[in-house]
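Comments concern the structure below.
None of the figures in this text is laboratory data; all of them are computed from the coordinates on show. Predicted model only: the values in this text are computed from it and were never measured. With ideal geometry, Cβ positions are generated from the backbone for all residues, glycine too; neighbour counts draw on all protein chains shown.
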Amino acid sequence: MDSSITSEELHSSRHEHTHDEEGNKMFGFIVFLLSETFIFLGFFTGYIVYKTTNPDWLPPGVSGLEIKDPAINTVVLVSSSLVIYLAERALLRHDLMKFRQFLLLSIAMGTYFLVGQAIEWSHLSFGFTTGVFGGMFYLLTGFHGLHVLTGILLQIIVFGRSFIPGNYDTGHFGINATSLFWHFVDVIWIVLFFLIYIWQ
Amino acid sequence: MPTLRVFQKSNRNPITTNQFVTMKIRNILLLSAIAIALTAVSLWIGHLAYFWLPPQAAAESQLFDELFSFLVTLGTFIFLGVIGTLMYSVIFHRAGKYDTSDGPPIEGNLTLEIVWTAIPVLLVFWIAGYSYQVYEQMGIQGPMEAIHMHIPMGMKSANAAPMKEDAQTISLSTSSTLPVEDIEVNAKQWAWVFRYPQTGVTSTELHLPVNYRIRLAMKSEDVLHGFYVPAFRVKQDIIPKRNIDFEFTPIRIGKYRLTDSEFSGTYFATMQADVVVESSEDYKKWLAEAATRKPCTAKNQAASEYAQESKKLIKGWVTVAPAQPPVVNYSN
Amino acid sequence: MTNISVKDISNTSKTPEYHPATDWKRYFSFSTDHKVIGIQYIVTAFILFLVGGIFAMILRGELITPESDLVDRSVYNALFTMHGTVMLFGWTFPILTGFANYLVPLMIGARDMAFPRLNAVAFWMIPIAALLLMASFFVPGGPAQAGWWSYPPVSLQNPTGNLINGQVIWLLAVAISGVSSIMGAINFVTTIVKMRAPGMTFFRMPIFVWNVMSAQIIQLFGLPVLTAGAVMLLLDLTVGTSFFDPAKGGDPVLFQHFFWFYSHPAVYVIILPVFGIFSEIFPVFARKPLFGYKIVAISSLLIAGVSAIVWVHHLYVSGTPAWMRLFFMLTTMFVSVPTGIKVFAWTATIWGGKLRFDTPMLFALGALILFVFAGITGITLSSVPIDVHVNNTYYVVGHFHYVLYGTVTMGMFAAIYFWFPKMTGRMYYEGLGKLHFWLSFIGANLNFFPMHPLGLQGMLRRVSSYAPEYEMWNIIASIGAFMLGVSILPFILNMIGSWMNDKPAPKNPWRAIGLEWLVSSPPPVENFEEIPVVVGEPYGYGKSEALVENR
């Protein structure tokens, strides 16, 4: 049987085979995010099934959801994705000052989103146990909110570690993973926004 | 015992073309003989399959039994074929006690691999097609109205094709003498209650006229239950807060058992009822007689067990209380 | 001639490196060595197997007589719920993860898994989940009693009204087990994709590795959906939401979809590694290459893919529309095609070989035979009209026990006997192994075959009492069950006795071809002195080719 890899090529790369640890961590993290997607897909499917099969979908007294403030929140959150991307770019240029500035801005925007969500929740006339609608609404936005919170915490950690000398010697896994997570959170929100607020 | 040399490649024993052809013909004949023998055995076992089943008390039972027998025949053939091949190897392909050499380095055979992929695919279509036919004929319904996706495709009842021709089956519309109606079935933890709406008769025993298409309107008061009569080969889960329509045609007079097939809690195993299939005369008589009886509490096994102190060594835990035992005109 | 150079198949080895008996402490520690973690999984799983087995003995004891006369009905319901839960989440998943953990890095020529600490964390979640399940027996109301599926509304009925009840604990334990599995899946997929030795292309990986990869991919897309459903059920149970409670507008059938979207592919997560084990064992004991290696490898991915679109066959009578039932009938039947490819490939591997019947081969062959039977009853079940009659009867129970005991458990024993010398550096006692096999094989058939006529006759599953006409088959089944219980004794004796004795096992007692057989028994901590360079295909029996480059 033939081998398409010559023995020469194999030997030339190393004496001892070292593994690309950074690459492995990123690969594993992407696999994790793909898996997380499926939890949200599960909840989305539940939402769609309930909405389309329930004649009394909205609880009594509720005619719909306000879109204006959530829309503003959406713009802020999605823009923060751009901001964190700029932060990453700055880090690649070794511009730590800009990196930290953009990162702080992104954290602020994420926090604005969360606070906005909390305010919206406090003004709503229905609760978690108000029928299937209430349950799905709070479950979806709450679970997503948890992810936003996690993203903010990750960014804070990344911000803190940027002060440790030699932090980036082994690569940029921290910021890369955090920003990927942040983009993920954004995409999920866009789908959520359409499902819950636009499709009413 | 002739050895099957399916893989003829061996450079150590070159054979002449003649020998090769003879071997091939011999192999084909041998394989054909084995296939015929296997088919005979499989058909026989498929025939036996009818005896493994409860009596055919409904028209649906006949359809089921035929399909099942067909699948058993097919399955037996495949099982005996594969196991037979393995057993042959186990007996005749053993390594010699001190033989540490390897076997022939055969890595594959494209033709064989294609064949044993293609044949199963064809079998799948065959089985699926036959099953689909039987499904249509059985008219296995479900709660169609429960799921309203806003999709243009309508969800018709599966009862599209006419029932398998049976001269004695009387259609609903022609009968004017029998109160043929949607018999209400009420399932609760842990009893079955039946109600005949036209006369208002309630009962814990389900009486049905033979050779009529029966329609049931099933409801559950609490949790999931399952309507299952093994003799009819029909089953349908009952979902609380939904009305489930169900149809079948009993064809054999007798007494059969209805059991709750979807696990419904502590006394699940006690939730049974008798199904009495009788002539339309007897059915009318029963309905009339039951209507005259005053409703009283029926015996309920779950309720009586619940009321007793447990005398067992390992006692159980607090459990959901059974619903009130049914108060019905007729109980047994 | 086998293609590995003679010095690697040493029957007369110099003293292999094995750890003295005092080293047992490693196995109770938070070790990040995949070999230690693998054995921790395997032993933990076996202990839970015994627990689940004791539950089964009580269940079968009750079922000897038609009446409910051994234990209270709520106890019976708790026992069958916990039997299923413990056997699935405590026996099959952990032991398969254990073998995958132990073998995958060795088989691909790596020193460890991609994320060793994550690996250890994932393991330690299993004893925690198991302890939670055991603890649930002692809370008011007892453990979960709604079956291992926990269908609402029964699972929402909470008779005590307490917040902390058996069903809640059950959901938490299953959630912990799920998180552990997802961690493992991330680890396995990363390891297999990124850490193969130089020269080991995908089509030079052993089938066991292919199958672990396919199985773990299923875990990645399936478990999250189960988690979603479980979270919603937990919220219904604790906070009073109405997702699945019909009284409040919820949909109990939706739970079934969430549940089975994972739990059906889950059975392929369980069976794929066992198929992998067959693919490793048959070539060795037939001294022939695996027939159709490439197609067998691809069929594993096919099974993983098709398995994602068959789940509704568990809902044929639940109130699903006709088009859904028929679509899923077709897809379910289709999964038999890649499965059949494997069965035929193994048969062809065995055919014409030079067979030896050591205990691993006996178990693998016995498991294959029982699997063919299970596969056929499975095909009957995929047909909607057939399933309408036998759904929720003992016919289904018989089918899946032929798979779970007959194929998976016996396949696991095949793996244990096969790799025992590699893992421990000792050889097991062959006589006890054969005794274990025959008791298992006969016991399994006695126990599970009668369930088929019982189901056809209409005997329901999960019943604590039954109609008198079912008695005879039930007695036979119970005798089989007790025989299975007894069959474990020679196994336990064998394992303890062999592990403790002083006779070392050779590096490669089976003269098998594979990277794990190149190293000592047990392997050194770093697995390989030098990472090998792979130049040959796997299963090269009868060919004079090197597996690895000679240095």
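A few remarks follow.
- Residue match in region C:462-481 (condition: in a helix (DSSP H, G or I) and of a type in the set (D, E, K, R)): yes
- Top-ranked residue in region C:320-349 [being aromatic (Phe, Trp, Tyr) and either under 21 Å from B:Ser89 (Cα atoms) or more than 9 Å from chain B (Cβ to nearest Cβ) (or both); ranked as surrounded by the fewest Cβ atoms within 10 Å (Cβ to Cβ)]: C:Phe327
- Selection count, region B:247-268, where residues are touching a strand residue (DSSP E or B) at 6+ places or on another chain (Cβ under 8 Å), free of Cβ contacts under 8 Å to residues at least 40 places away in the same chain and either buried (at least 24 other Cβ atoms within 10 Å of the Cβ) or away from chain C (no Cβ under 11 Å) (or both): 4
- Only one of the listed residues (B:Leu80, B:Leu63, B:Leu86) is of a type outside the set (Asp, Glu) and under 13 Å from the mean Cα position of the chain (by Cα). That residue is B:Leu63.
- Taken as a whole, the structure leaves B:Val82 outside the set of residues that are in contact with a Gly (Cβ under 8 Å, 6 or more places away or on another chain), closer than 26 Å to B:Leu122 by Cα and at the interface with chain C (Cβ under 9 Å from one of its Cβ atoms).
- Among the residues of region B:202-246, those identified as more than 13 Å from chain C (Cβ to nearest Cβ) and in a strand (DSSP E or B) are B:Thr202, B:Ser203, B:Leu206, B:His207, B:Leu208, B:Pro209, B:Tyr212, B:Ile214, B:Arg215, B:Leu216, B:Ala217.
- Residue count, region C:233-260 (criterion: more than 7 Å from chain A (Cβ to nearest Cβ), assigned to a helix (DSSP H, G or I) and either touching a His at 6+ places or on another chain (Cβ under 7 Å) or crowded, with 21+ Cβ neighbours inside 10 Å (or both)): 11
- Conditions (1) of a type in the set (Val, Ile, Thr); (2) touching a Pro at 6+ places or on another chain (Cβ under 6 Å); (3) more than 8 Å from every other protein chain (Cβ to nearest Cβ); number of the one not met by C:Val306: (2)
- Test: B:Gln198 is free of Cβ contacts under 8 Å to residues at least 24 places away in the same chain and either more than 27 Å from C:Phe255 (Cα to Cα) or buried (at least 24 other Cβ atoms within 10 Å of the Cβ) (or both): yes
- Of all the residues in region C:190-216, those that are within 12 Å of chain A (Cβ to nearest Cβ) and either buried (at least 24 other Cβ atoms within 10 Å of the Cβ) or not in a helix (DSSP H, G or I) (or both) number 12.
- One residue alone among C:Ile281, C:Ile298 is in a helix (DSSP H, G or I), more than 7 Å from chain B (Cβ to nearest Cβ) and closer than 30 Å to C:Val384 by Cβ, and that residue is C:Ile298.
- For region B:102-140, the tally of residues that are within 30 Å of C:Ile386 (Cβ to Cβ) and either more than 7 Å from chain C (Cβ to nearest Cβ) or of a type in the set (A, V, I, L, M) (or both) stands at 21.
- Some residue of region B:280-289 being more than 13 Å from chain C (Cβ to nearest Cβ) and small (Gly, Ala, Ser): yes
- When C:Phe138, C:Phe80 are checked against the criterion of being more than 21 Å from C:Tyr268 (Cα to Cα), within 14 Å of chain B (Cβ to nearest Cβ) and in contact with a Leu (Cβ under 9 Å, 6 or more places away or on another chain), C:Phe80 stands alone in meeting it.
- Cβ pairs under 6 Å, 6+ apart, first in region C:416-434 and closer than 16 Å to C:Asn527 by Cβ, second part of a loop (DSSP other than H, G, I, E, B): C:Lys422/C:Ser521; C:Met423/C:Pro522; C:Gly425/C:Pro16; C:Gly425/C:Tyr18; C:Gly425/C:Ala505; C:Gly425/C:Ser521; C:Gly425/C:Pro522
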